[in-house]
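Working notes, structure below.
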Amino acid sequence: MRGAINILLRNWPLKLGAVALSILLYVGLVATQNVRVWPGNVPIEPMNQPSGTYLLADLGEVVSVRYLAPLDAASQVTRSSFVATADLAGVKARPGGVPVSVPVTVVAPDPRIQVLGWSPTTVAARLDPVVSRDVPVAVDHGTVPAGLTLGDPTISRPTVSVRGASSLVSRISRALARVSVDASGINVDSDVDLVAVDDVGNPVAPVNIDPSSVHVRILVGEQLSSRTVPVVPTVTGDLALGYGVRDVQVTPLTVTVAGTPSALASLTSIPTAPVNVAGRSSDLVTDAPLAPPQGVAVQGVDHVQVKVRVVSQSGSRSFGTGIALEGARSDRTYALSVPDVLVTLGGSRAALDAIDPSTLAASVDVSGLDVGISSVAVRFAPPSSTTLVAISPSRVDVTVAAPAASPSASVGP
């Protein structure tokens with residue numbers, strides 16, 4: 001105990017002087033830098049927001065900041081002198097944006113300003129997961145001017161994709177295309193921006209709509225009639241060599257059209273825009289717009305599906321080719337009854353056109369033949385993608401002979 005007291009009292013004049021100096025320095029600091037309060041508002045900015053989430057509401061503002069600053073710096077303090085943030089890295093998004101308390105941090109970019117405290121120190125963050133889904137497209141033409149009749153709207157696509165916070169997307173019932181009908185009776189035929197709405201027609205925002213607009217056509221007239229007519233696909237272009245069109249199918253087969261009685265009087269069908277099959281060697285399935293005549297509108301759809309089925313055109317072709325001997329012996333001679341044969345091949349036009357006649361060759365097997373005349377079958381291997389239809393003649397006579405022995409040389413006496 002005595003030792004501890006001795007340590008405390010050792011060099012006590014120096015220790016007392018240090019305490020006095022600290023007090024003087026603190027008084028000097030307080031004299032030059034007073035604790036001040038910034039009463040303005042500092043927006044709280046989100047940081048590290050997880051991807052695929054939507055912040056349903058702003059984080060609010062810091063309403064007061066306590067700080068120390070020299071007189072020259074304090075006189076220049078504004079809202080931009082402070083930066084307030086909330087780190088959202090650890091916040092988990094939940095459907096509906098359940099509030100999660102997040103700490104607030106305030107700093108001063110100017111090193112002369114020392115931030116001591118702020119209010120509020122926490123805020124509620126509402127993170128909602130981002131989702132997407134398809135919704136139907138509807139047309140709202142408003143009030144129809146007196147004396148006019150409207151045909152059914154035709155839109156370029158029946159559905160669009162909406163993307164946004166789950167709590168917003170879940171409220172969307174349709175994407176609405178709002179158009180106005182002119183009292184002069186001009187047909188509606190234009191691109192219209194879409195608005196996401198709920199069941200009662202109230203806009204739901206902010207969400208992304210893809211595509212953001214559709215093309216709307218509405219036939220407007222004083223007297224309109226409607227009828228059902230077949231769809232006739234229009235196919236243009238030449239297929240690849242050796243191929244032909246087997247058939248053309250269209251879905252739907254018929255459509256309902258509207259127009260004035262005079263416009264519909266001579267209408268027997270609705271053509272599609274040209275479907276080009278130039279150079280194709282395989283089936284084609286595509287959407288083709290309809291091409292109604294002036295004064296006629298197709299109701300409900302403006303595209304149909306066209307399927308063009310392509311087939312290889314088959315046929316046959318004959319080629320003359322020589323005959324090669326297989327298994328011939330060097331000590332025999334061979335003579336054929338005919339020097340060549342006529343080979344008929346079947347296949348697609350493309351495969352037949354690709355044949356090089358100089359590469360064709362028939363053959364006969366003479367390996368087992370003895371001296372004399374024998375009838376031998378002609379062999380032929382057809383090129384790839386073709387079949388052998390016939391060989392004429394299919395058999396040939398082969399005459400096999402042994403070479404005559406040379407006479408022995410005579411020896412004189």
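Within segment 285-294, identify whether any single residue is more than 27 Å from Ser226 (Cα to Cα), surrounded by fewer than 18 Cβ atoms within 10 Å (Cβ to Cβ), free of Cβ contacts under 8 Å to residues at least 40 places away in the same chain and out of contact with any Gly (no Cβ under 8 Å at 6 or more places or on another chain), and answer yes or no.
Yes, there is a match, as at least one residue in segment 285-294 is more than 27 Å from Ser226 (Cα to Cα), surrounded by fewer than 18 Cβ atoms within 10 Å (Cβ to Cβ), free of Cβ contacts under 8 Å to residues at least 40 places away in the same chain and out of contact with any Gly (no Cβ under 8 Å at 6 or more places or on another chain).
Counting just the residues of segment 265-284 that are surrounded by fewer than 18 Cβ atoms within 10 Å (Cβ to Cβ), more than 22 Å from Tyr243 (Cα to Cα) and of a type in the set (A, V, I, L, M), which one comes out modelled with the lowest pLDDT? Walk me through how you get there before you give the answer.
Taking segment 265-284 as the starting set, the residues that turn out to be surrounded by fewer than 18 Cβ atoms within 10 Å (Cβ to Cβ) are 265-269, 271, 273-274, 276, 278-284.
This time we only want the ones that are more than 22 Å from Tyr243 (Cα to Cα), so: 265-269, 271, 273.
Narrowing further to those that are of a type in the set (A, V, I, L, M): 265, 267, 273.
Values: Ala265: 82, Leu267: 88, Ala273: 94.
Here the answer is Ala265.
Hey, can you tell me all the residues within segment 263-278 that are without any contact (Cβ under 8 Å) to a residue 24 or more places away in the chain and either of a type outside the set (A, V, I, L, M) or not assigned by TED's automatic domain parsing to the domain that holds Tyr243 (or both)?
Listed by number, the list holds a single entry, Ser266.
Select from segment 116-134 the residues that are basic (Lys, Arg) and part of a strand (DSSP E or B) and list them in ascending order.
Arg133
Residue by residue through segment 378-387, note down the ones that are assigned to a strand (DSSP E or B) and loosely packed, with under 14 Cβ neighbours inside 10 Å. Show your work before the answer.
Step one: filter segment 378-387 for residues assigned to a strand (DSSP E or B), giving 379, 386-387.
Hit for segment 378-387 is Thr387, nothing else.
Which residues, taken from segment 67-83, are part of a helix (DSSP H, G or I), over 57 Å from the mean Cα position of the chain (by Cα) and farther than 10 Å from Arg112 by Cβ?
Selection gives Leu71 alone.
Quick one: would you say Gly368 is modelled with pLDDT under 90 and in a strand (DSSP E or B)?
Considered against the rule, which asks whether it is modelled with pLDDT under 90 and in a strand (DSSP E or B), Gly368 comes out as no.
Restrict the check to segment 130-142 and report whether at least one residue is under 42 Å from the mean Cα position of the chain (by Cα) and over 30 Å from Gly300 (Cβ atoms).
Yes, there is a match, as at least one residue in segment 130-142 is under 42 Å from the mean Cα position of the chain (by Cα) and over 30 Å from Gly300 (Cβ atoms).
From (1) more than 45 Å from the chain's Cα centre (by Cα); (2) surrounded by 13 or more Cβ atoms within 10 Å (Cβ to Cβ); (3) at pLDDT 95 or above, pick out the condition that doesn't hold for Thr121.
Thr121 satisfies all of (1) more than 45 Å from the chain's Cα centre (by Cα); (2) surrounded by 13 or more Cβ atoms within 10 Å (Cβ to Cβ); (3) at pLDDT 95 or above except (2).
Starting from residues that are outside any strand (DSSP E or B), within 25 Å of the chain's Cα centre (by Cα) and of a type in the set (A, V, I, L, M, F, W, C), keep the ones in segment 261-277 and report whichever is nearest to Arg217 (Cα to Cα).
Filtering first and then ranking leaves Ala273.
With Ser348, Ser330 as the choices, which residue is over 14 Å from Val396 (Cβ atoms) and within 49 Å of the chain's Cα centre (by Cα)?
Ser348
In segment 294-313, which residues are in a strand (DSSP E or B) and under 30 Å from Ser190 (Cβ atoms)?
Within segment 294-313, the subset in a strand (DSSP E or B) is 296-299, 303-312.
Val296, Ala297, Val298, Gln299, His303, Val304, Gln305, Val306 - these are the residues of segment 294-313 that are in a strand (DSSP E or B) and under 30 Å from Ser190 (Cβ atoms).
Taking only segment 209-256 into account, find how many residues are outside any loop (DSSP other than H, G, I, E, B) and among the small types (Gly, Ala, Ser). Don't jump to the end; show me each part of the working.
Residues of segment 209-256 outside any loop (DSSP other than H, G, I, E, B): 209-210, 213-218, 220-221, 225-232, 235-236, 243-251, 254-256.
Next, from what is left, pick out any that are among the small types (Gly, Ala, Ser): 213, 221, 225-226, 244.
Qualifying residue count for the region: 5.
Only one of these conditions is not met by Ser281: (1) touching a residue at least 40 places away in the same chain (Cβ under 8 Å); (2) part of a strand (DSSP E or B). Which number is it?
If we test Ser281 against (1) touching a residue at least 40 places away in the same chain (Cβ under 8 Å); (2) part of a strand (DSSP E or B), just (2) comes out false.
Only residues in segment 90-107 that are in a loop (DSSP other than H, G, I, E, B) count as the first member; pair them with residues that are surrounded by 12 or more Cβ atoms within 10 Å (Cβ to Cβ) and basic (Lys, Arg), Cβ under 8 angstrom, at least 6 apart or cross-chain, and list the lot.
Sorted first by the residue in segment 90-107, then by its partner, the pairs are Gly97/Arg126; Val98/Arg126; Pro99/Arg126.
Please state which one of Ser375, Ser316 is among the small types (Gly, Ala, Ser), exposed (fewer than 14 other Cβ atoms within 10 Å of the Cβ), over 46 Å from the mean Cα position of the chain (by Cα) and assigned to a strand (DSSP E or B).
On inspection, the qualifying residue turns out to be Ser375.
Any idea which of Asp302, Asp340 is surrounded by 13 or more Cβ atoms within 10 Å (Cβ to Cβ), of a type in the set (Asp, Glu), touching a residue at least 40 places away in the same chain (Cβ under 8 Å) and not assigned by TED's automatic domain parsing to the domain that holds Val216?
Just a single option satisfies the conditions, and that option is Asp302.
Can you tell me which residue within segment 90-116, out of those that are of a type in the set (Lys, Arg) and surrounded by 12 or more Cβ atoms within 10 Å (Cβ to Cβ), is farthest from Ala165 (Cα to Cα)?
Arg112
The values are calculated or read from the model by the stated rules, or taken from the named source; none is laboratory data. If you're wondering where the values come from, they're calculated on a predicted model, not measured in any experiment. Please note: Cβ atoms are built from the backbone with ideal geometry, for glycine as well, and neighbour counts cover all protein chains shown.
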